[in-house]
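The values are calculated or read from the model by the stated rules, or taken from the named source; none is laboratory data. Bear in mind the structure is a predicted one, so any value in this text is a computation, not a measurement. Virtual Cβ from ideal backbone geometry, glycine too; neighbours counted across all protein chains shown.
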Amino acid sequence: MLTILAAVVHLVAKAADMKVLSFAIYPLIRPVHGGQLRSAALNRSLVRAGWTVKHCCIFVAGLFDEVAEDDWGFPVHLAPDTRADVDCCDALLADEHKLDALLVSMRDFAPDVLMLHQPWTWPAVKAVVPKLATKPKVIYSSQNCEAILMQDLLKGYSIEQRERLLQKTTKIENALVEACDALICVSAADRDAFSPSKPNIVLRNGVEPSNRRFRTGDLIDAQLDDNKFALFIGSGHPPNGEGFNELVAPDFGFLQSNHSIVVAGNVCHLLRKQSWFQAADPADLSRLTLLDFVPDDVLAELIMHCTAIILPLVSGGGTNLKTAEALYSRKSVIATRFAFRGFETYMNMPHVHFADTRHEFKTALRRALDQDTRYCFSSYDNKRLDQLTWPLVLSPLADFLSKLVKPRPTLFQGITGLG
């Protein structure tokens, strides 16, 4: 009898599953940069909660190699002098065949929720939603206040380009904030900037639990010759390079001969383009190791072997995913106060050291490498740091969305004791 009842309950639960279709300008099969990592974590949290999740990516052809087999990919070709974020939907909107394909797929899937990771896909989603039989809830899953961030990203653009892109960014984001049924924000500051009068939730950035299997360390030892090193991790997002240029480069002579800075991620491409790098003395650059993109297991190994992690951030929006990763590492963290947006409650942790000027940053970095402190954390602090993991950070998400969506009728509704 219990087995039959359990089977019935399972069928009821399966029939009542909620469906989510997420949108972004990138696939999530192999997340690399912060936006992908956050989007993938949000989607996984809903899968763990029993939701059916599909992902639709509208992306510039050639930027990504692969889309997950069960996801939907719509590669587009951009006109010259356009951006892969702000302008990504223009080509799709002009292609009736692709728009019809998106509409057919959405009708077949019949999502309860459309979750837009960043606002850029809203023009295409807006064009299709009115043609659906039932209107799904629209959720703006924000990663920044894009209209504010874009002002930093457009440095170096012509006045005409800046004006066009800023106006278009503001129009797209404001339209989505106005049309959506609820917002997901990365910080209270971002939420306040949107001034939403509709349901919203703040879910800061997190980090993967440290359950990776480490490699032997041979690769790291061979490349770094057992030197003590500080680790800087960053994507090719322009603010990542800006802070390093302002607070750390170009002179690395303040480091001892057996100390170095190791940089991992596509921020390396930004640093190589800097005039200070191209003019640097080879002896000075010997204290700087640029590894470019590294796979997850090597990154975990770097974190395990490093003496300190640096967060030289002076601009950007949202919150920094690397701040969560640095905190969770339990290594010395040298950071600007700006890097702790959204993580203010962790500013008093014993392994965190703040430096907001070039002199302060270099002094704190050298001290961290000289002292090589091994921190002893209280059980309370360890518990707080463990709360930075994605499963705990995102645990309220499914319940938040469930309250917005009317449950689907089940096969057993109306049957006494089951419906």
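Here are the numbers for this structure:
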{"read-out": "Criterion violated by SER105 - all others in (1) within 30 Å of VAL202 (Cβ to Cβ); (2) under 27 Å from the mean Cα position of the chain (by Cα) satisfied", "value": "(1)"}
{"read-out": "Residue match in region 173-182 (condition: farther than 18 Å from ILE310 by Cα, outside the structural domain of LYS135 (by TED's automatic domain parsing) and either more than 19 Å from the chain's Cα centre (by Cα) or modelled with pLDDT under 95 (or both))", "value": "no"}
{"read-out": "Pairs with Cβ under 7 Å, 6+ apart, first in region 245-257 and in a loop (DSSP other than H, G, I, E, B), second at pLDDT below 85", "value": "PRO250/ALA280; ASP251/ASP284; PHE252/ASP284; GLY253/ASP284"}
{"read-out": "The lone exception for LEU116 - which of (1) more than 27 Å from ARG164 (Cβ to Cβ); (2) touching a helix residue (DSSP H, G or I) at 6+ places or on another chain (Cβ under 7 Å) it fails", "value": "(1)"}
{"read-out": "Candidates ASP226, ASP221, filtered to the one that is at pLDDT below 90, on the phi > 0 side of the Ramachandran plot and not aromatic (Phe, Trp, Tyr)", "value": "ASP226"}
{"read-out": "Within region 56-75, considering residues that are without any contact (Cβ under 8 Å) to a residue 24 or more places away in the chain and surrounded by 12 or more Cβ atoms within 10 Å (Cβ to Cβ), the one farthest from ASN43 (Cα to Cα)", "value": "ALA61"}
{"read-out": "Flag if ALA324 is surrounded by 13 or more Cβ atoms within 10 Å (Cβ to Cβ), farther than 26 Å from GLY35 by Cβ and touching a residue at least 60 places away in the same chain (Cβ under 8 Å)", "value": "no"}
{"read-out": "Listing of helices (runs of 4 or more DSSP H) fully contained in region 58-157 that carry 1 or more residues being of a type in the set (Lys, Arg)", "value": "96-109, 122-128"}
{"read-out": "Residue match in region 266-275 (condition: assigned to a helix (DSSP H, G or I) and over 30 Å from GLU146 (Cα atoms))", "value": "no"}
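Every residue, every condition in (1) touching a residue at least 24 places away in the same chain (Cβ under 8 Å); (2) out of contact with any Cys (no Cβ under 8 Å at 6 or more places or on another chain); (3) not assigned by TED's automatic domain parsing to the domain that holds LEU42, yes or no:
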| position | (1), (2), (3) |
| --- | --- |
| PRO136 | yes, yes, no |
| ILE139 | yes, no, no |
| GLN143 | yes, yes, no |
| LEU153 | yes, yes, no |
| SER158 | no, yes, no |
